[in-house]
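Down below is the structure, laid out as structure tokens.
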Amino acid sequence: MTDRPHVLVVNAGSSSLKYQLIDATSGRTVAVGLVSEIGGASHHRHEVEGHRHDADVHCPTHTAAFALARAALGAHGPGPAGGDLVAVGHRVVHGGRRFTQPVLVDDGVVEALRDLAPLAPLHNPANVEGIVRAQEAFPGLPHVAVFDTGFHATLPEAAHTYAVPRAWRERHDVRRYGFHGSSYAWVSRRTAELMGRDPSDLAMVVLHLGNGASACAVDGGRSVETSMGLSPAEGLVMGTRSGDVDPALGGYLARVAGLSAQEYDRALNRDSGLLGLAGVSDFRELSQRREDGDADAGLAFDVTVHRIRKYVGAYAAVLGRLDALVFTGGIGERSAALRAAVVDGLGVLGLHLDAAANADGPAERRVSDATSSAPVWVVPTDEEREIARAALEVLGLASAL
């Protein structure tokens with residue numbers, strides 16, 4: 001057993017459990033695990049220091065998934081299960097109006113999170129299930145909920161308010177919330193470090209581009225505008241989500257195609273985006289098909305790039321200046337072609353890439369040339385470390401994060 005303090009970071013989905021064990025002293029991730037297909041043909045992957053352990057398992061519930069995780073931590077390291085844990089940090093997608101900061105979980109918080117389920121019906125119920133089962137698996141430890149929406153609590157009223165009837169806004173909490181908050185908190189702070197600047201001095205646009213994608217204008221370390229709204233469906237083109245569409249589309253399809261509200265909601269979230277445009281949601285596969293001359297893949301790429309450029313330009317106007325443009329997320333970090341296409345269309349802002357730096361280099365790097373009006377960066381996100389940092393901060397514990 002080690003006496004070094006660790007934080008277990010949990011991300012519970014409806015049929016999956018992701019976890020990471022993070023050393024609070026060094027900031028290193030020392031173990032990573034995933035239990036997939038809970039309730040079905042389950043599989044457990046656990047990695048420690050580069051050694052991977054895989055097993056097909058019987059896992060009917062999240063309770064069983066946490067038992068697997070605990071057993072793996074004991075069997076494979078870094079020490080006896082939970083022996084040196086100081087906290088469990090939980091990713092929660094939606095905090096609504098009530099939760100704008102990370103919070104120590106108690107029974108009242110759990111009930112309040114259940115009440116927020118209508119705002120994120122695909123995510124929050126699973127997040128709450130993860131909290132409850134983790135409390136059973138690791139009793140006596142403090143559990144901290146960290147919210148995807150929390151970073152955007154600083155949005156100005158003009159940015160978060162929709163021009164809809166007052167009753168919707170006041171009775172049903174209709175407003176822009178924004179998501180990917182842990183990613184934006186980590187990346188914006190890390191970019192400032194790389195630039196040798198204080199976050200409070202910088203105005204930047206951060207692009208979190210993955211299967212889920214969003215943009216955020218960060219001014220002085222605070223979110224002042226973001227592309228996702230009441231739900232994660234608004235904004236940029238994503239793997240299976242449409243992003244922005246005409247608000248009248250739902251009514252039109254109800255009239256001409258007989259779509260119910262549930263069918264429409266499902267289609268925009270699960271059958272649209274890259275999948276709707278090209279029949280594939282994986283950006284790597286789409287990129288290969290585009291290189292091979294597939295017209296649908298080419299159109300999907302162009303629509304994605306156009307939408308990103310539009311948001312960057314708008315957010316530069318919101319900020320009043322642009323000190324940095326930052327790419328993060330799986331696509332943002334790995335697709336040199338997408339970065340080039342986005343920045344090549346932003347000459348009006350004076351941004352220019354260095355082709356060699358954009359094509360290859362360390363994970364964290366500047367990819368703009370010396371003539372660029374502002375630096376363009378690739379900065380990998382680390383939402384789990386941000387959740388661990390936030391959990392330790394709530395508990396008043398020192399860390400290297």
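The values are calculated or read from the model by the stated rules, or taken from the named source; none is laboratory data. All values derive from a computational prediction rather than experimental measurement. All Cβ positions, glycine included, derive from the backbone under ideal geometry; neighbour counts span all protein chains shown.
Which condition from (1) surrounded by fewer than 16 Cβ atoms within 10 Å (Cβ to Cβ); (2) not in a loop (DSSP other than H, G, I, E, B) is the one that residue 338 breaks?
Just one mismatch for residue 338, condition (1).
Checking the condition touching an Asp or Glu at 6+ places or on another chain (Cβ under 7 Å) and among the hydrophobic types (A, V, I, L, M, F, W, C), which residue from 319, 274, 286 passes?
Exactly one of 319, 274, 286 is touching an Asp or Glu at 6+ places or on another chain (Cβ under 7 Å) and among the hydrophobic types (A, V, I, L, M, F, W, C), namely 319.
Considering only residues that are within 19 Å of residue 6 (Cβ to Cβ) and of a type in the set (A, V, I, L, M), which ones fall in the range 128-185?
131, 134, 137, 141, 144, 145, 146
Suppose we keep only residues that are part of a loop (DSSP other than H, G, I, E, B) and of a type in the set (A, V, I, L, M, F, W, C) within the range 354-374. Which one would you say is surrounded by the fewest Cβ atoms within 10 Å (Cβ to Cβ)?
370
Working only within the range 48-77, note down all residues that are out of contact with any Lys or Arg (no Cβ under 9 Å at 6 or more places or on another chain), at pLDDT 95 or above and assigned to a strand (DSSP E or B).
If the condition is that a residue be out of contact with any Lys or Arg (no Cβ under 9 Å at 6 or more places or on another chain), at pLDDT 95 or above and assigned to a strand (DSSP E or B), then 56, 57 are the ones that fit.
I need a count of the residues in the range 29-47 that are in a loop (DSSP other than H, G, I, E, B) and in contact with a Cys (Cβ under 9 Å, 6 or more places away or on another chain).
4
Scan the range 103-120 residue by residue and report those that are within 19 Å of residue 14 (Cβ to Cβ) and either among the charged types (D, E, K, R) or loosely packed, with under 13 Cβ neighbours inside 10 Å (or both).
114, 115, 118
Filter the range 278-304 for residues that are among the hydrophobic types (A, V, I, L, M, F, W, C) and surrounded by fewer than 20 Cβ atoms within 10 Å (Cβ to Cβ) and give the result.
Within the range 278-304, 280, 295, 299, 303 qualify.
Among the listed residues 45, 91, identify the single one that is modelled with pLDDT of 95 or more, within 24 Å of residue 144 (Cβ to Cβ), among the charged types (D, E, K, R) and not assigned by TED's automatic domain parsing to the domain that holds residue 229.
On inspection, the qualifying residue turns out to be 91.
Within the range 147-226, which helices (runs of 4 or more DSSP H) (wholly inside it) include 1 or more residues that are in contact with a Pro (Cβ under 6 Å, 6 or more places away or on another chain) and surrounded by fewer than 20 Cβ atoms within 10 Å (Cβ to Cβ)?
181-195
Given the residues 318, 305, which is the only one that is at pLDDT 95 or above, more than 19 Å from the chain's Cα centre (by Cα), of a type in the set (A, V, I, L, M, F, W, C) and more than 19 Å from residue 340 (Cβ to Cβ)?
318
Which ones in the range 99-123 are free of Cβ contacts under 8 Å to residues at least 60 places away in the same chain and touching a strand residue (DSSP E or B) at 6+ places or on another chain (Cβ under 7 Å)?
Of everything in the range 99-123, those that are free of Cβ contacts under 8 Å to residues at least 60 places away in the same chain and touching a strand residue (DSSP E or B) at 6+ places or on another chain (Cβ under 7 Å) turn out to be 99, 105, 109, 113.
When you look at residue 356, is it within 24 Å of residue 239 (Cβ to Cβ) and either small (Gly, Ala, Ser) or modelled with pLDDT under 95 (or both), yes or no?
So residue 356 fails the test.
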